[in-house]
Every structure is written in structure tokens, then in C-alpha cells.
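Structure record follows, encoded as C-alpha cells.
The values are calculated or read from the model by the stated rules, or taken from the named source; none is laboratory data. Fair warning: this is a prediction, and the values are worked out from it, not measured in the lab. So basically every Cβ, Gly included, is an ideal-geometry build from the backbone, and we count neighbours across all protein chains shown.
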Amino acid sequence: MYLPLPLPDIGSVRFAAFDMDGTLLGPDHDMHPENIAALNHLRANGIHVLLASGRNHENISGWYRRLGLTGPIVSGNGALVRDFASGYTIKEATVSPETALDVLALGRQIGITQVVDHTDGRAVVEHQSYWGDIVGERCGSALGVVDNLDELCAAGPRKLLWVDDGETIAYWENELSRLLAGKAHICVSGAEYLEILPADTHKGSGVMAAAEYLGYVADATLSAGDSDNDAEMLQWARYGLAMPHATQKAKTSAWATLPDGPPETLIARFVDKLLQR
């Protein structure tokens, strides 16, 4: 369904989990001042704000510092949930070495760009490429380059990311879901991004772990996202909000879809209406 509709009761919302790219961040991959103000308004009304992203913990930590946020960070699409201030690890999962090495070998065979998120915080590739440069540009920091990824995959990485054009990614989403059934969670996190995550790991499981750590429940939670990798998070929250440009899977999983408008301030406009309710 689409807003306008009965808005959530602001008094019932205590916890808000937001995707970053395509949701809080605009097309320029930065956060508009109006969205920053909106997060501050939520916090001023006693709502805990959390960021949940496919980005790694170190990258999201920079946003926590910039925004003055506290508490857990959900990174790697749920593979790591760690408290920002204390560094306490609430939840951590890794892709099994066998699965990671199989994915790596297949990726090399088909010539696709592969990014490995290691447990030491590095996001690395084997060589520079057009798609690797795109990932670094969008995240605001260049990817590291290593001679080969075998050692990192043999140690069990947090996730692997395949990057290519949308048609290629759509094909391999189906193929990897079949090949790795029960061994990994496969999802698209953008038209050009295919995530290979630990089995039973996704943003929903990460946000659930963070909520439990903080003492919040689904009925007191609002979430917002735009892609397939947000679906479980949107479905779990009482008020899951899909962006108007969201994938069909995200919209189907959400409680409501926000109306069209400038994408960089969609969250700000919703929060304004919510607080004026």
C-alpha cells in the first residue's frame, strides 16, 4: 500500500533501523542535511536510530561519528552486529571456507569482479577493475588490492560480493541460489551487486539481534529500505517502509511504500509527517 495512509503512532515507535544506500543516502551517496535533521528529530523523540547496511563496520562507523549515533551497527548485511562505542560483538557470522573458496573459483572462471569482506575489516579485490572502482567510489574509499584472495577465503570471510551489470547479476542470483542452497544466503543489494552471505544471515537477523541487545521488539520498530537485501528487515519490523524506487521484493515485504519525490529527502519528509501527526 502507499502513503498517505494512517501513519504509525509515534508513541509506539522506539527503534528505527535504516538502510543507507538508496534510502538515507541520495544518488550522490551522501546524506542530505534534511535527512540528518530527521534522524536527530527521531532521537529527540526518544527513538533509537540504527544503520543497517551491506557496507563494512569500519565504513558505517564513520557515519556514526558524523551523525553522533550510539549503540549497535549492523554491517555486512547482518554478518556483523557490533556496538559502536564498546566494540562488543553482539552477533557475527562468516561464510564457510569451503563455500567461499568454491565461490571464488567460480567467480574467477566467469571473470566477474569479486570483493571479499574479511573479518579484519578489509574489503579487498585481487586487481583493480571498472566495477571495483565503482564500489570504492560509492562507498567513499578505495578497495584494497591483494595478490590473491584464497587465503582470506580459506579463513572464512564475512561475505563475498559479486559486481557486474544488472543482467549478469540477475542470472547469477538464480544460479548461486541453486548451487549454494543451504550453504549461503544469496541476495541482490542493488542492480549490480550480488551478496554471498553466511547461511541464514541477512539484515533482518542482524536488526533482530541489535533490537534484542537494546531491549526492543518488532512491534516497536520502524525500518526503511529499498532493495532485496532489505526485505527481511522490512518484514520483521511493525512498520517497514519501502522507498518508491524499491525492488518489488522490498515493496512486497514492507508495511507501506513511501510516495514519490526527490530521493535524497524522502525519509525527511516522512519523518516530518510522522512527528506532526
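If the condition is being among the small types (Gly, Ala, Ser) and more than 19 Å from Trp131 (Cα to Cα), then the range 159-194 contributes Ser177, Ala181, Gly182, Ala184.
Table: residues versus (1) in contact with a Pro (Cβ under 8 Å, 6 or more places away or on another chain); (2) at pLDDT below 95.
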residue: Gly71; (1), (2): no, no
residue: Asp83; (1), (2): yes, no
residue: Val116; (1), (2): yes, no
residue: Gly121; (1), (2): no, yes
residue: Gly136; (1), (2): no, yes
residue: Lys159; (1), (2): yes, no
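One residue is enough: does the range 230-247 have a residue meeting the conditions surrounded by 17 or more Cβ atoms within 10 Å (Cβ to Cβ), within 26 Å of Asp272 (Cα to Cα), touching a Phe, Trp or Tyr at 6+ places or on another chain (Cβ under 8 Å) and of a type in the set (S, T, N, Q)? No, the range 230-247 has no match at all. For the range 59-66, the criterion of being under 25 Å from Val217 (Cα atoms) and assigned to a loop (DSSP other than H, G, I, E, B) is satisfied by no residue at all.
For beta carbons closer than 8 Å, sequence separation of 6+ or different chains, a first residue in the range 204-216 that is among the β-branched types (Val, Ile, Thr) and a second that is at pLDDT 95 or above and assigned to a helix (DSSP H, G or I), the qualifying pairs are Val207/Gly78; Val207/Met233; Val207/Trp236.
All conditions in (1) in a helix (DSSP H, G or I); (2) surrounded by fewer than 16 Cβ atoms within 10 Å (Cβ to Cβ); (3) without any contact (Cβ under 8 Å) to a residue 24 or more places away in the chain; (4) of a type outside the set (Phe, Trp, Tyr) hold for Gly182, with the sole exception of (1).
Counting just the residues of the range 5-50 that are under 15 Å from the mean Cα position of the chain (by Cα) and among the aliphatic types (A, V, I, L, M), which one comes out farthest from Met233 (Cα to Cα)? So the residue we want is Leu25.
Scan the range 193-202 and tell me whether some residue there is within 20 Å of Val163 (Cβ to Cβ), among the charged types (D, E, K, R) and outside any helix (DSSP H, G or I). Checking the range 193-202: at least one residue is within 20 Å of Val163 (Cβ to Cβ), among the charged types (D, E, K, R) and outside any helix (DSSP H, G or I). Report whether or not Lys273 is over 30 Å from Glu126 (Cα atoms), touching an Asp or Glu at 6+ places or on another chain (Cβ under 9 Å), in a helix (DSSP H, G or I) and of a type in the set (Lys, Arg). In short, no.
Right, Ala142: assigned to a loop (DSSP other than H, G, I, E, B) and free of Cβ contacts under 8 Å to residues at least 24 places away in the same chain or not? Yes: the conditions hold for Ala142.
Beta carbons closer than 9 Å, at least 6 apart along the sequence or on distinct chains, never pair a first residue in the range 255-268 that is farther than 19 Å from Leu222 by Cα with a second that is small (Gly, Ala, Ser) and part of a helix (DSSP H, G or I).
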